[in-house]
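Following: one structure in structure tokens, then a few remarks.
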Amino acid sequence: MSQRHVLPTVGIATRGRDKRERFSVGALYVDAVRRARGLPILLPPEEPALETMLDRIDGLLLTGGGDVDPARYQGAMHERVYGVDASRDETEIALARAAVERSLPVLGICRGAQVLNVALGGTLFEHLPEGEGELLHRARGKSVLHAVHLVSGSRLRTLLGKDEIVTHSYHHQAIRSVGRGLEVVAHAPDGVIEAVELSGHPFAVGVQWHPEMSAQTDPTQQRLFDAFVGEAARFALAISRS
Ligand code: MN
């Protein structure tokens, strides 16, 4: 079988339609998937043929963005909740659930990790404390660097090959209770959940940090995309043989 034939397609969920009638997604996600030898396919919300869209991809990348509507996880509205998009929530939660059911490799980043959690019945903190003395998970309009401790024995720890990594962080929400089947596999120094993985699934990982921001220069962060796209390639091969 030619290499070209097995180049796996990675669906990358985009932001919802904005006020200027645009769908958009960060180019760094696309770059990281391409470096991992995946073929990026952008997945905008509002798709009526969602199942057909799913049939065309070998991996699902859930990207960062605005907050999930707290109503999706029986949470409370908070004055700092921003960027809620009902259409994007609807699409991405459905995609995440389908990926779990189909054993389709899925990588959730920041909002994407939260979407994966909510899709499996988990809940979120609507707003993390950002006062003096608190570990910062974002700065005004930009990311911050903080350490993340990986849980020994987890697949993510094995994959990244380190007990502690430095990550780009840009979030004000986090996982509160984990969804069905998810295991907590990383924490920030303040105890905030920074990664989850789904047991019994080939590859369903959610990271609260932004690996795409440093993956070009940090091989540890790129390894996450390489492993994800590698699983997508295995998924593609299994589908083509069945
Ligand atoms: Mn963080």
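Every number here is computed from the coordinates shown, using simple stated rules; none is lab data. Given the structure is predicted, the values throughout are model-derived calculations rather than measurements. FYI the Cβ positions are ideal-geometry reconstructions off the backbone, even for glycines, and counts take in every protein chain you see.
Observations, loosely collected:
- Evaluation of GLY191 against (1) within 16 Å of the ligand (Cβ to nearest atom); (2) within 19 Å of THR9 (Cβ to Cβ); (3) in a loop (DSSP other than H, G, I, E, B) (one fails), failing number: (2)
- Residue within region 218-230 that is of a type in the set (Asp, Glu), under 15 Å from the mean Cα position of the chain (by Cα) and crowded, with 22+ Cβ neighbours inside 10 Å present: no
- Residue, surrounded by the most Cβ atoms within 10 Å (Cβ to Cβ), within region 205-217, restricted to residues that are more than 10 Å from the ligand (Cβ to nearest atom) and touching a residue at least 24 places away in the same chain (Cβ under 8 Å): GLY206
- Residue in region 196-204 that is within 17 Å of THR63 (Cβ to Cβ), more than 16 Å from the ligand (Cβ to nearest atom) and not aromatic (Phe, Trp, Tyr) present: yes
- Evaluation of GLY161 against (1) under 26 Å from GLU101 (Cα atoms); (2) away from the ligand (no atom under 16 Å from the Cβ) (one fails), failing number: (1)
- Considering residues of region 115-151 that are of a type in the set (A, V, I, L, M) and away from the ligand (no atom under 13 Å from the Cβ) only, the residue surrounded by the fewest Cβ atoms within 10 Å (Cβ to Cβ): VAL151
- In region 196-214, the residues that are closer than 21 Å to ARG72 by Cβ and part of a strand (DSSP E or B): VAL196, LEU198, ALA204, VAL205, GLY206, VAL207
- Subset of region 164-181 that is more than 10 Å from the ligand (Cβ to nearest atom) and in contact with a Gly (Cβ under 9 Å, 6 or more places away or on another chain) - its residue that is nearest to GLY112 (Cα to Cα): ILE175
- So GLY112, is it more than 12 Å from the ligand (Cβ to nearest atom), under 14 Å from the mean Cα position of the chain (by Cα) and among the small types (Gly, Ala, Ser): yes
- Residue match in region 79-98 (condition: among the small types (Gly, Ala, Ser) and within 16 Å of the ligand (Cβ to nearest atom)): no
- Counted residues, region 157-180 - those being loosely packed, with under 15 Cβ neighbours inside 10 Å and among the small types (Gly, Ala, Ser): 2
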